[in-house]
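Novice: Sharing a structure here in structure tokens format.
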Amino acid sequence: MKKLQSLLGGRELKAILFDLDGTLIDSVPDLAAALDASLEQLNYPPAGLARTRSWVGNGARKLVVRALSFALEIPEKSVSEEITDKLLAVFFKHYGEQTCQRTTMYNGVFQALSVWHEQGIKMACVTNKPARFSRPILAHFGMDTFMPILVGGDTLSVRKPDPAPLLLACEQLGVDLGNTVMVGDSINDVHAARAAKMPVACVSYGYNHGAPIADAQPDLLVDHFLDLLAT
């Protein structure tokens, strides 16, 4: 815990906020399968696992826009709202049927969450994934026991990198920002934490749209989740 504690400048660590996809779980295999099934249903070429992995991180709508940009060979800004809405509805149906079939929890996550829970550290999940998909995943892996507070991508009108989801999570946990650390894997997590004036730690194995998260200069960068527990 000392690594996270050291980010607070002498203040006590009372809470940790966690991103979900790319931080606690590898959900890309299920996302890619649902996205490809949706694209093929509407007679578009499938995107595949590698492309989907590079697109994850800004919410489901942005994922669909990137897929349509690829399929139609047009810039993202040229993808119409109408066609986006159509593919998004199909994608939500497919993904809702297979949120946990291929998704896995990263090594060390459950162990670390258990340690923080035993130490009385409050925890919440703050993700850009819609809550209706995030909640079943947390329950499937038993993480809802450790983090009963979930702020999803559809909980507010804004998502990360806006700081509002982080502020809401702290409010619901009943903790001050000065005693809280954000843990994520993408530049959205870093920007949201910076805007909330909160320290941020990142794991190097996440998605971040294919770019090294080190470039975003988080306050702490680790290669394995359990490294967050290192003294």
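Novice: What are the pairs, 6+ residues apart or on separate chains, where a residue within the range 17-34 that is within 19 Å of F146 (Cα to Cα) and at pLDDT 95 or above has its Cβ under 6 Å from a residue that is aromatic (F, W, Y) and open to solvent by less than 10 Å² (accessible area, probe 1.4 Å)?
Specialist: Listed pairs, sorted by first residue: L24/F18.
Novice: What residue, among those in the range 203-227 that are among the aromatic types (F, W, Y) and more than 23 Å from L8 (Cβ to Cβ), is most open to solvent (accessible area, probe 1.4 Å)?
Specialist: Top of the filtered list is Y205.
Novice: Name the one entry in N58, N43 that is in a loop (DSSP other than H, G, I, E, B) and modelled with pLDDT of 95 or more.
Specialist: N43
Novice: Say whether the condition of being buried (at least 16 other Cβ atoms within 10 Å of the Cβ), touching a His at 6+ places or on another chain (Cβ under 8 Å), in contact (Cβ under 8 Å) with a residue 60 or more places away in the chain and among the hydrophobic types (A, V, I, L, M, F, W, C) is met by at least one residue in the range 58-73.
Specialist: No - not one qualifying residue is present in the range 58-73.
Novice: Within the range 97-149, work out how many residues are surrounded by fewer than 18 Cβ atoms within 10 Å (Cβ to Cβ), in contact (Cβ under 8 Å) with a residue 40 or more places away in the chain and in a helix (DSSP H, G or I).
Specialist: Summing the residues that are surrounded by fewer than 18 Cβ atoms within 10 Å (Cβ to Cβ), in contact (Cβ under 8 Å) with a residue 40 or more places away in the chain and in a helix (DSSP H, G or I) in the range 97-149 gives 3.
The values are calculated or read from the model by the stated rules, or taken from the named source; none is laboratory data. Since this is a predicted model, take the numbers as computed values, not measurements. Using ideal geometry, Cβ is built from the backbone for each residue, glycine included, and neighbour counts are taken over all protein chains shown. Side chains included, ligands, DNA and RNA excluded: accessible areas come from the protein's heavy atoms. Shrake-Rupley method; radii C 1.70, N 1.55, O 1.52, S 1.80 Å.
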